[in-house]
Amino acid sequence: MVRYSILAVAFAILGAEASPCRPTTVTSVAEASSTIASDTTVTTLATTATTALVETTSTVLEETTSTAVAESTTTTEAPACVETQVVVNPGFDDSDSNKSPWFGGGSLTTDGPNTAPNAISFVFSNGQGSAQLSQTLTNVDGNYRLSYNWAVVSGVNVGSGFSCSITPKVGDDILPGAYPSEFVGWTPESQTWSSGSEAVAQADLSFVLECSGEYDQLTINVDDITFTKLCGPQAN
């Protein structure tokens, strides 16, 4: 009986001492977990994500887009088209002794030019003949209008008639021509030509004249040759 009582007393004492320890342990764990999760985790994520994303996106995108667009627009601006007549000595009036910079056949004349004082004259004999007049052009780029005037001014012993052709050329490009077949005064002609997609560094502007028929002599005059760069709607 004594042994049983001692064990019972010991169990009662141990049970009384262990009972207050449980609330202390539970409370400590709960408080520590709550503080760490709310203060550390929430604060750190919110601050880091907000600052990094806003500052990086705003600065990099705005500066890059603004600079690239401005530089590209300025660089690709096309030069303005200027209407320019490029033939030198178009009316053969720069000198009374030579037709420079024109070269080839024909001679200066003061006999009834289209505009005074001079024109260029071609004389064909014995029912046949051909001649070519040229000038070298440089840096032609775009669309151009060729204008000139011709006249069949005289003939000697013209029998059943004659037929002639005046064919303009730019480099190897042949333009529509004129076809005199009777005596006629000054007649204007006009044709257009284009350099295409690239500028032409150098090309000869030429006129090829040919005549045949029944005559001892036939004279054709040419004057006021212009080759003008076209701009705006007339260039189309």
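The values are calculated or read from the model by the stated rules, or taken from the named source; none is laboratory data. The structure presented is a predicted model; accordingly, all values stated were derived computationally and were not measured. Positions of Cβ are generated from backbone atoms using ideal geometry, with glycine treated the same way; all protein chains shown enter the neighbour counts.
Could you list, in sequence order, all residues of the stretch 169-186 that are over 18 Å from residue 123 (Cα atoms) and either exposed (fewer than 12 other Cβ atoms within 10 Å of the Cβ) or not charged (D, E, K, R) (or both)?
Across the stretch 169-186, the qualifying residues are 170, 171, 172, 174, 175, 176, 177.
Could you tell me which residue of the stretch 191-236 is modelled with the lowest pLDDT, considering only residues that are loosely packed, with under 15 Cβ neighbours inside 10 Å and among the charged types (D, E, K, R)?
198
Count, please, the residues in the stretch 199-233 that happen to be in contact (Cβ under 8 Å) with a residue 24 or more places away in the chain and farther than 30 Å from residue 163 by Cα.
As a first pass, look at the stretch 199-233 and keep what is in contact (Cβ under 8 Å) with a residue 24 or more places away in the chain: 199-232.
Now drop any that are not farther than 30 Å from residue 163 by Cα, which leaves 199-202, 229-232.
Within the stretch 199-233, residues that are in contact (Cβ under 8 Å) with a residue 24 or more places away in the chain and farther than 30 Å from residue 163 by Cα number 8.
Specify which of the listed residues (130, 163, 154, 134) is touching a Gly at 6+ places or on another chain (Cβ under 7 Å), more than 15 Å from residue 225 (Cα to Cα) and not charged (D, E, K, R).
Exactly one of 130, 163, 154, 134 is touching a Gly at 6+ places or on another chain (Cβ under 7 Å), more than 15 Å from residue 225 (Cα to Cα) and not charged (D, E, K, R), namely 163.
Would you check which residues across the stretch 81-133 are among the small types (Gly, Ala, Ser) and at positive phi and list them?
Matches in the stretch 81-133: 104, 106, 112, 127, 129.
Which strands (runs of 3 or more DSSP E) sit wholly inside the stretch 76-183 and have at least 1 residues that are among the charged types (D, E, K, R) and within 38 Å of the chain's Cα centre (by Cα)?
Because the criterion is at least 1 residues that are among the charged types (D, E, K, R) and within 38 Å of the chain's Cα centre (by Cα), the strands (runs of 3 or more DSSP E) in the stretch 76-183 that meet it are 143-156, 161-170.
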